[in-house]
């Protein structure tokens with residue numbers, strides 16, 4: 001029974017993604033936000049941008065839900081590495097993976113790591129190449145497909161303020 005409910009919930013989420021994609025826009029509440037679990041412990045700090053789907057109804061914008069959460073943080077004590085994590089909504093086509101492109105740079109494809117109640121997650125070490133693109137870039141395009149959809153949905157994350165926020169992670 002739980003499996004049927006889970007499949008139905010995934011189908012409903014995918015349907016919402018497809019229907020909202022044509023009539024809505026994604027907008028960041030705050031571009032790049034620096035935050036720490038404990039300011040005295042730099043290993044708990046990260047930068048983050050969240051984008052929400054907004055839909056116009058009767059002349060007013062209504063927030064429908066989060067479509068993308070991007071965060072960058074460092075992990076490790078002796079061998080610290082930077083990571084980039086992207087959470088996309090439930091209902092994405094896991095087989096297709098996610099595609100990332102900064103401005104006119106080459107597309108990078110990444111598989112989903114896991115899905116939780118917060119969404120489906122892509123996690124990767126932040127390479128020097130991608131970090132450079134994020135620092136110099138203007139727009140990060142994140143592409144994904146809703147389950148059963150043929151067209152890729154693209155969400156644009158604004159990179160202004162990324163370099164300043166990233167510099168606070170040290």
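Computed from the coordinates by the stated procedures, all read-outs in this text should not be read as laboratory data. Bear in mind the structure is a predicted one, so any value in this text is a computation, not a measurement. So basically every Cβ, Gly included, is an ideal-geometry build from the backbone, and we count neighbours across all protein chains shown.
When peptides 106-115, 75-84 are ranked by their average number of other Cβ atoms within 10 Å per residue, the highest-first order is 106-115, 75-84.
Using a simple spin-label model with pseudo-atoms 7 Å out from Cα toward Cβ, residue 83 and residue 125 lie 1.3 nm apart.
Full-extension gain between residue 164 and residue 35, please, as 0.36 nm times their residue separation minus the C-alpha to C-alpha distance. Can you show the working numbers first?
On the way: separation 129, 0.36 × 129 = 46.44 nm, distance 1.32 nm.
So the extension gain works out to 45.1 nm.
Label sites at residue 118 and residue 152, each approximated as a point 7 angstrom past Cα along Cα to Cβ, lie 2.6 nm apart. Both the radius of gyration and Dmax for the range 96-170 are 13.5, 42 Å, in that order, over alpha-carbon atoms.
Subtract the Cα-Cα distance of residue 44 and residue 136 from 0.36 nm times their separation in residues, and report this length gain in nm to one decimal.
Working: separation 92, 0.36 × 92 = 33.12 nm, distance 2.56 nm.
The residue 44-residue 136 span can extend by a further 30.6 nm.
Spatial offset of the range 137-170 relative to the range 79-101 amounts to 10 Å, using the alpha carbon center of each.
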